[in-house]
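Only one structure is covered here, and it is reproduced in the block below.
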Amino acid sequence: MAGLGLPLRLATLLTGLLECLCFAGVLFGWPSLVFVFKKEHYFEKLCEPDAGLIGNATEQADCKVQDERFSLIFTIASFMNNFMTFPSGYVFDRFRTTVARLIAIFFYTTATLIIAFTSAGSAVLLFLAMPLLSVGGILFLITNLQIGNLFGQHRSTIITLYNGAFDSSSAVFLIIKLLYETGTSLRASFIFLSVCSTWHVARTFLLMPRGHIPYPLPHDYSYGLCSGNGPTKEEKEAAEQENRELQSKEFLSAKEETPGAGLQQEARSFWSYAFSLRFAWHLVWLSVIQLWHYLFIGTLNSLLTNMAQGDKELVSSYTNAFAFTQFGVLVAPWNGVLMDRLKQKYQKEARETGSSTWVVALCSTVPSLALTSLLSLGFALCASVPVLPLQYLTFILQVISRSFLYGSNAAFLTVAFPSQHFGKLFGLVMALSAVVSLLQFPIFTLIKGPLQNDPFYVNVMLLLAILLTFVHPFLVYGECRARKESPSAIA
């Protein structure tokens, strides 16, 4: 394409990968940061000394109130991480890339500066800082996912690669923890993250489009360094026309294209997709698996403390091990490769049988959805066994399943629904799943209180819920079979 060279596309890809890897998903490194906060005595005044433990009360291995504060902060931050994707998606769809990224930079910089200048006496400010950090991070991810449109047939691989990088950025808090243990202050680390915002601003104006990256790419599409003031009005209209033509080919079967214009418009409306059975089961699939991941991450420090019987060195060692395994960027692309390869395989069959290209793409998501549920089941089983050495396997399964979860989520939404609704549908599914994620705090309180640190019954219920997620890939597979056998079936 004349207006867009490979070097610019690769620069956009690699800098976006770096942005997601180092900044976007740092929230999920929360256990490492909690360890540092406890060393800095955050919320320690809330701990009540037990009788007979004079002078050593604040060194108690398990302070229920302190752990509840950290769990509540993570619950709110993870809720905002998901819930705010709906308005964030709207902002991205309505006001385009530049505005969305500038908002992300403002939130992220504000959050890092608050954490940098927070101390044990002002620890309550973490309730503001962590949600801002998570919202800024998810906006970075949303604006970078469109980069997959630059790489055609490798679109799913790029999308899952970015989601893997988002997961892997949790290792940033491990680096902050290790630096802290070598003498670098928490303030210095977060001031450095704040200064990095200048790089985000530079990338926004030099290597990202002002608007959206269309799919498929128009012949003369350009952006960033190659486009001065960005695409012209004529280029935007041409891109929109190509997108409309693509959607007509991919999302409407031959019989669906014959009715009148009004009926076509109704079939393509946002709410018709939002209230579809396909979207509802995808929401269940995402919400249940995500709840288990959030509960595990948010309570990991307390869980390890109990398993290690208060041995802080052992807790630190396992916390580091957990953070070292959080390199989903090495795992997530294989999910995208799987989807792209299956799509190519089904496309050959489609040419022979005359099947819809949309049905082919939808079928390619089934193995990914089923494998994600299977990995999550294995992760939940291992996490439910209170044996400390087994947690190494738990950590590995956790990062693989989480990388597959978010990669599959984004890839499924891009395939199963029209691209013009992607931002809103992505935001909606994350916002609704955020409501479910709020259950993590009452579950944590239940375990700490009435269940007296015995999570057995909670684990059994969550395992049963994860088994329910297998319904989603089976239904998608059934829909694919039905669409192949009867192309005129309603989507």
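The values are calculated or read from the model by the stated rules, or taken from the named source; none is laboratory data. The model shown is predicted, which means the values in this text are computed figures rather than measured ones. Here the Cβ positions follow ideal geometry from the backbone for every residue, glycine too, while neighbour counts run over all protein chains shown. Each accessible area value is taken on the protein alone, full model and side chains, heavy atoms only, with ligands, DNA and RNA left out. Shrake-Rupley method; radii C 1.70, N 1.55, O 1.52, S 1.80 Å.
Quick one: accessible area per residue over region 272-490, 1.4 Å probe, rounded to a whole number of Å²?
Using a 1.4 Å probe on heavy atoms only, each residue of region 272-490 averages 40 Å².
Can you send over the carbon and sulfur percentage of the accessible area for region 430-487, probe radius 1.4 Å, protein chains only?
Of all accessible area on region 430-487, carbon and sulfur atoms account for 76 percent.
Using a probe of 1.4 angstrom, how much of the accessible area of region 372-415 is carbon and sulfur, in percent? Working shown, then result.
On the way: 1030 of 1170 Å².
Of all accessible area on region 372-415, carbon and sulfur atoms account for 88 percent.
Farthest toward the dipole's positive end in region 272-490, which of 431, 451, 414, given Cβ charges of +1 (Lys, Arg) and -1 (Asp, Glu) about the Cα centre?
Farthest along the dipole direction, towards plus: 414.
Give me the net charge of residue 89's neighbourhood, meaning all other residues with Cβ under 15 Å from the Cβ of residue 89; Lys, Arg count +1, Asp, Glu -1. Let's see the in-between values first.
Values: positive: 94, 96, 101, 424; negative: 93.
Overall, the nearby charge balance is +3.
When the dipole is taken about the Cα centre of region 272-490, and only Lys, Arg (+1) and Asp, Glu (-1) are charged at their Cβ, what size is it in debye, to the nearest 20?
560
Take the Cβ-Cβ distance between residue 192 and residue 482 as r, set R0 to 51 Å, and report the resulting FRET efficiency rounded to the nearest 0.05.
0.40
Can you tell which of 398, 320, 441 lies farthest toward the positive end of the dipole of region 272-490, using +1 and -1 charges on the Cβ of basic and acidic side chains (Lys, Arg; Asp, Glu)?
Looking along the dipole axis, the top candidate is 398.
Give, as a single signed number, the net charge of other residues whose beta carbon lies under 14 Å from the beta carbon of residue 185, with Lys and Arg counted +1 and Asp and Glu -1. Don't skip to the answer; put the middle values down first.
Working: positive: 39, 177, 187; negative: 40, 181.
Net of charged neighbours comes to +1.
Heavy atoms only, probe 1.4 Å: what % of the accessible area of region 143-230 goes to carbon and sulfur, would you let me know?
That share works out to 65 percent.
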